[in-house]
1. Normalise the Cα radius of gyration of the range 75-162 by 2.2 N^0.38 Å (N = residues in it) and let me know the number.
2. Arrange the peptides 198-204, 156-162, 83-89 so that the one whose residues have, on average, the most other Cβ atoms within 10 Å appears first.
3. Quick one: Kirkwood hydrodynamic radius for the range 115-160, alpha-carbon pairs, angstrom, one decimal?
4. If each of residue 71 and residue 195 carries a label point 7 Å out from its Cα toward its Cβ, how far apart are those two points in nm?
5. As a test of reading the structure, rank 74, 195 by solvent-accessible area (1.4 Å probe, protein chains only), most first.
6. Give me the distance in nm between label points sitting 7 Å out from Cα along the Cα-to-Cβ direction at residue 45 and residue 149, one decimal.
7. Computed FRET efficiency, Cβ-Cβ of residue 122 and residue 60, R0 22 Å: what is it to the nearest 0.05?
8. In what sequence, largest accessible area first, do 130, 233, 56 appear using a 1.4 Å probe?
Amino acid sequence: MNRRENLKLLFTGSIGTGLLLTNCTPDAQKIPPAPVLSGGTIGGRTEEEKIRDQKLLADQFFTEEEKKKLKIIVDIIMPADEESPSASEVGAVEFIDFMMLDQPYNQTPMRGGLMWLDYEADEKFGKPFLELSQDEIMQIVDEVAWPDTAKPEYEGGVKWFNLVRNFAATAFFSTEAGWKYMDYQGNKPNAWDGVPEEVMRKHGVSLPEKYLSVYLKPEDRGKVAEWDDDGNLIA
């Protein structure tokens, strides 16, 4: 799978953690609601939240062996190429580790999936997952990476792979490398020049000729628009 093919799959299928590789019902996975926190500033973090974050960051969920397995999987999902680094290079494994502590209800499905890799490796090749060749690894991944064509007996593996894929994508696209890959521009105060011309052409639309002379130009930023009595923009 190349990067372009992987990106098409990023949000395919359902995460479905309910019965994933476990016999836990959704009710059994419920955790008590977090207490309402007080203080802090609008848009900021409360002191309680900061303390909780630091506590989670100081802990870890995965064993070293699990991290090695996860690194292999996330880099298959989002490998390095000429445009950007791999998922593991931007900290996807560390991000998922943090999320397991932040979202305890995902711990059993995630750990179960990593254990399943060894089970499947032993069934197919008679050795642990970390001892497999790249071709052998891909034979296992291909069984669960394509939800529409996966065999019914791999339903649990498909749900687990979707879970990892969504976490890997979230991790990658939360970094500067991910923003650059998407060419995300973000909010630029006083720097909106309209939809780029190449995007307009791609969708078969264009700016109305009659307004071209009055559209905002970079050099005119800061000027107050003027409208006539009928609501037409004049300057």
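The values are calculated or read from the model by the stated rules, or taken from the named source; none is laboratory data. On a predicted model such as this, the values are computed, not experimentally measured, just so you know. No Cβ is skipped: glycine too gets one built from the backbone with ideal geometry, and neighbour counts run over all protein chains shown. The area values use the complete protein model at the heavy-atom level, side chains included, leaving out ligands, DNA and RNA. Shrake-Rupley method; radii C 1.70, N 1.55, O 1.52, S 1.80 Å.
1. On the way: Rg = 14.0 Å, N = 88, 2.2 N^0.38 = 12.1 Å.
In units of the globular-protein estimate, the range 75-162 measures up at 1.16.
2. Numbers: 198-204: 9.0, 156-162: 23.4, 83-89: 19.7.
Output ranking for 198-204, 156-162, 83-89: 156-162, 83-89, 198-204.
3. Details: mean 1/r = 0.0937 Å⁻¹.
Taking every pair of different Cα atoms in the range 115-160, averaging 1/r and inverting gives 10.7 Å.
4. Reported label-point gap for residue 71 and residue 195 is 4.5 nm.
5. Numbers: 74 0, 195 70 Å².
Most to least solvent-accessible, the answer reads 195, 74.
6. Result for the modelled spin labels: 4.4 nm.
7. Working: r = 26 Å, r/R0 = 1.20.
Efficiency for this residue pair is about 0.25.
8. On the way: 130 70, 233 50, 56 25 Å².
Descending order: 130, 233, 56.
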